[in-house]
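Here, each number is a calculation from the coordinates, and none is a lab measurement. Just so it is clear, the structure is predicted and the values come from calculations on it, not from any experiment. Positions of Cβ are generated from backbone atoms using ideal geometry, with glycine treated the same way; all protein chains shown enter the neighbour counts.
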């Protein structure tokens, strides 16, 4: 559920097909830089109603999923 | 009673440093800097001091407002990159102008120009002053690590000033402090005390880029929405938003989240880089001298920076 929602947010931001994204997908391979990642984090915060810390450790879709899941537990 | 802006001025050093010039100093490129920060060139001091920058901007604001230095009742200045810890920037500008009024500095980093306006508004409200000079001047080139490509391409030098007179142009404001040094920090000179056991820190600008970006976008959006709501205004009624010029990407995302057109935001970071407390008065002076505002137009100034401190104000021109 978290994964699908996050993929939807990423797909909307970069105009891609969400089904092409996996947890292993690297942001660098999508042409997403660190400020874009920050924007994604802000969109995820709005969507899930949570507050997240953002730093350079967020490199892949899976990293984002783990971060959000850790806040929802 | 508060104030109206009577005149503005700005000054930047002659030495222009392009992105290609920067790529000879650190491993970067014109494309990367334009895309990531939105800066194309910046002005960097060679022999100019922070006081000189502030003084030149002040002279231009005085001239633009038709004010003589001896008419000033107060000088407020802001800098994080002063020539001296003491005397303050404002005291040295007072001396160079030949003014005799009280002068002091306020430290609120990149948001400081708005704190100067708010402080001045208090003096006007009490009827203590008729003319006030406010100046933001920065020589950030001495505070960046010129080996750190993440920061040295962003920050630059310059000064902006405004002369305020009795009026009713300062309509509303909002100020927020979230104290902490983990997101943005500029350590002071560590000193040479033989007794100190503190680990000396390098006195350069340290910034967590992603956290700064998130904080800045949220600050702009919440402060603008607050001022619009408090004053029963719609975005259409605002002629210009004048944001602190920290990073073009911050302004772009704030626009998207506010659902406002980018044309509403005055942007000049491409010419000057991030000049901290000077960025808003420099933008204001450009807007003024280009004749982009007519009497009665509403503008919002919005700033954010180390502290963390953010602020916005609603002004009728």
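For this structure, a couple of remarks:
- Spin-label model, residue B:185 to residue B:147: label points 7 Å out along the Cα-to-beta-carbon direction sit 1.9 nm apart.
- Note on the protein assembly as shown: antiparallel DSSP beta bridges, both residues inside, total approximately 75 percent of the bridges counted.
- Helix-only [θ]222 nm of chain B, DSSP H runs n ≥ 4, -39500 (n - 2.57) each, per residue, nearest 500: -9500 deg cm²/dmol
- Euclidean distance between Cα centres, the range B:184-238 to the range B:1-69, Å: 20
- Mean partner shielding of peptide B:205-213, defined as the number of other chain Cβ atoms within 10 Å of each residue Cβ, is 4.
- Most fluctuating residue given options B:81, B:263, B:111, as computed from a GNM of chain B linking Cα atoms under 10 Å: B:263
- Nitroxide proxy distance, nm - points 7 Å out along Cα→Cβ at residue B:262 and residue B:104: 4.3
- Residues listed by number, the range B:289-305, amide nitrogen under 19 Å from residue B:171 label point at 7 Å toward C-beta: B:292-303
- Taking every residue in A:50-56 and counting other chain Cβ atoms within 10 Å of its Cβ, the average works out to 3.
- Pairwise centroid distance, computed over Cα atoms, of the range A:1-44 with the range B:252-300, Å: 31
- Fraction of antiparallel bridges per DSSP, the range B:2-169 only, in percent to nearest 5: 70
- If you run the Gaussian network model on chain B, springs between alpha carbon atoms under 10 Å, then out of B:61, B:283, B:125 the most flexible one is B:125.
- Among beta bridges that DSSP assigns inside chain B, antiparallel share in %, nearest 5: 70
- The label-point distance for residue B:316 and residue A:28, in a model that sets each label 7 Å from Cα toward Cβ, rounds to 5.5 nm.
- Full extension of the chain between residue B:68 and residue B:14 gives 16.8 nm of extra length, using 0.36 nm per residue less the Cα-Cα distance.
- Alpha-carbon Rg/Rh ratio, for chain B, with Rh computed the Kirkwood way: 0.96
- Given their separation in residues at 0.36 nm each and the Cα-Cα distance between them, residue B:119 and residue B:231 gain 38.2 nm when the chain is fully extended.
- GNM top mover of B:113, B:195, B:204 - chain B, alpha-carbon springs below 10 Å: B:195
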